[in-house]
1. Kindly indicate whether residue A:68 is under 21 Å from the mean Cα position of the chain (by Cα), under 24 Å from residue A:204 (Cβ atoms) and open to solvent by 40 Å² or more (accessible area, probe 1.4 Å).
2. Looking at region A:306-313, is at least one residue more than 9 Å from chain B (Cβ to nearest Cβ), within 24 Å of the chain's Cα centre (by Cα) and under 29 Å from residue B:152 (Cα atoms)?
3. Among (1) in contact with a Pro (Cβ under 9 Å, 6 or more places away or on another chain); (2) surrounded by fewer than 18 Cβ atoms within 10 Å (Cβ to Cβ), where does residue B:19 come up short?
4. Is it the case that some residue within region B:120-132 is part of a loop (DSSP other than H, G, I, E, B), farther than 18 Å from residue B:100 by Cα and β-branched (Val, Ile, Thr)?
5. Can you name the number of the only condition in (1) open to solvent by less than 40 Å² (accessible area, probe 1.4 Å); (2) touching an Asp or Glu at 6+ places or on another chain (Cβ under 8 Å) that residue B:43 fails?
6. State the number of residues belonging to region A:308-325 that are in contact (Cβ under 8 Å) with a residue 12 or more places away in the chain and either part of a loop (DSSP other than H, G, I, E, B) or closer than 19 Å to residue A:25 by Cβ (or both).
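The values are calculated or read from the model by the stated rules, or taken from the named source; none is laboratory data. Keep in mind that what you see is a predicted model, and the values were worked out from it rather than measured. We place every Cβ from the backbone using ideal geometry, glycine too, and count neighbours over all the protein chains shown. Quick note on the areas: whole protein, heavy atoms, side chains included, nothing else; ligands and nucleic acids left out. Shrake-Rupley method; radii C 1.70, N 1.55, O 1.52, S 1.80 Å.
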Amino acid sequence: MSTILEIQNLKTQFHGENRVIPAVDGISFSLQKGETLGVVGESGCGKSVTSLSIMRLLAKGAKIAEGRIHFNGRDLLSLSEAQMRSVRGNEIAMIFQEPMTSLNPVYTIGKQLSEMTMLHRGYSKKQALDHAVEMLKKVNIPRPEKIVHEYPHQLSGGMRQRVMIAMAMSCDPDVLIADEPTTALDVTIQAQILDLMRDLRDRQSTSILLITHDLGVVAEMCDRVIVMYAGQVVEAADVNSLFERPAHPYTQGLMRSIPKVDADLDRLESIPGSVPLPGSVRQGCRFASRCEQAHDKCLSDTPPLFELGEGRQSRCWLNQESAIGEVQHA
Amino acid sequence: MSTLLEVKGLKKYYGTRKEVVKAVDDVSFTVEEGETLGIVGESGCGKSTTGRAILRLIEPSEGEVLFQGKPLTALKNAELRKARRDLQMVFQDPFASLNPRMTVGAILEEPLKVHGIGTATERKEKVKKLLETVGLTEAHYDRFPHEFSGGQRQRIGIARALITQPKLIVADEPVSALDVSIQSQILNLMKDLQEEFQLTYLFISHDLSVVRHISDRVGVMYLGRMVELSPKKSLYDNPLHPYTQALLSAVPHPTPGEKRERIVLTGDVPSPANPPSGCAFHTRCHACMEICKTERPALKETGDGHFVACHLY
């Protein structure tokens, strides 16, 4: 397998009035061709900022301070804005969480779907609209010839997310970034959308970066997973190892916190406390204050990301002995 | 156990000039003292409207709600306010449901003032004690909501519901806005409080795993109707209604590589303004028969307290 996207030591910061908030604090990972990589973590862990950094769609006040983003042999961070525009939507596409706010309410579905192919492929209006109908068919939208003339508010949430996927896939991108694509949807609709994404991935061998907080979705969709906590990668593993024997205490805690739909538990385990504010932990492990297994070293020394073999990584002193090395730049 | 709450033929219709939206369409159930009844369903199924109509935060269009045998639906405003001492609510969004300009102390004391409970000092004592009970500290008394995280705010929301020592708490998606690690803290807290204060919960959620964890019995709603109602074990192990079966099979399991039969429902939920004739689910049902298109199935018991509204049974 070949690497299509590689992030090296990415640091993205928000500049506040009198302080700098390190939202993403030195993360590295790579995405292989045809692979689905899950990025898991709770609110504020930096998972969405990571995806926006890759697309260079960060809001004002946020800045990529350091790092490299290699995509097909280029460093995205060194591209001009015009060059970046030809990558966005064309080679790397993105689906957002909220399908209502990410579609423009005053344009028809057809117009919004045509924009991409007219811009990136030089299609005429007619060609673009035909292509839009074709794409809507692929995402199983009924009556696509009529839907292209409708507006977003006329569609249900599930339909809108299908339109978003059709839009993202319309230039046949190499990489699809899906940021919580099913979080706003009901479970039965979520099942339809996940099926659709799997199907498109298998047909067009698109690589997917799937950002989610839902471990059920991860188990169903992903080949490999990275777990983020407070702006850093704390664990990386293939999906089976991650669920069978999570290495980092945070991942272990997350796994034990989820109620099960197919078993009765008397009590859930929970992780005490809450996520520290970015930049507030200056010394030691960022998870130490909530970790049951924390010891003195965790409070004083910042753990590196240990290499555990077979592509597994964990940022915990407990894994030091079984480690075969440390990940550089992380 | 005795019946604490009885809901009979509850309806809530919203009329516009053109059409009538049947948000809740003839729902009946009971809640026993000390139990947790979970209500699950997808967006727009009427679960939240049901919860609010019970407390008369929304006036029901039709139907009766009996609390300890007395009809809540017949009470006048002043009597209703008095009765609400025993019926409290926890809301989904802990950011929107706390007044940002009031301190936590003032927020928690307000219900006591409304009901004329205790002197100022007694009230303050009571609030401080309750803060500890829900996992906060006395020091939080003078703080404002924005100083708290989502999980802590939900603890405040729960404390506010508890302060009048109610018998029934309607919790509408109380953990949906929280991260999983915080969600489990709140669920554990709710279970502990139930034991400590003998509370009865009506727990409304779209999350089938959460509902399984917290509930004794579970009701499934679809398009304003109760389609299945059963003790949780038999509902999750042996779902009878085709909608419940589809809903359960759609939940992604956190077990990689697991092969399961999935019933994927086609299409979207029909509009409650124009629900299908007969059984509301017949347009998406894999077992649809002729009778389903014309006749609305009644909620019938199939044994051991397992009720289902489906012509198959």
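1. Numbers: under 21 Å from the mean Cα position of the chain (by Cα): yes; under 24 Å from residue A:204 (Cβ atoms): no; open to solvent by 40 Å² or more (accessible area, probe 1.4 Å): yes.
No.
2. No, that holds for no residue.
3. Every condition holds for residue B:19 apart from (1).
4. no
5. (1)
6. Let us first name the residues in region A:308-325 that are in contact (Cβ under 8 Å) with a residue 12 or more places away in the chain, namely A:308-320, A:322-325.
The next check asks that each one be either part of a loop (DSSP other than H, G, I, E, B) or closer than 19 Å to residue A:25 by Cβ (or both); those that pass are A:310-311, A:313-317, A:320, A:322-324.
So the count comes out to 11.
Quick grid of which residues meet (1) open to solvent by 30 Å² or more (accessible area, probe 1.4 Å); (2) of a type in the set (Asp, Glu); (3) more than 14 Å from chain A (Cβ to nearest Cβ):
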site	(1), (2), (3)
B:137	yes, no, no
B:167	yes, no, yes
B:175	no, no, no
B:180	no, no, no
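Let's see how each residue does on (1) farther than 26 Å from residue A:257 by Cα; (2) free of Cβ contacts under 8 Å to residues at least 40 places away in the same chain; (3) more than 9 Å from chain A (Cβ to nearest Cβ):
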residue	(1), (2), (3)
B:215	no, no, yes
B:258	no, yes, no
B:269	yes, no, no
B:290	yes, yes, yes
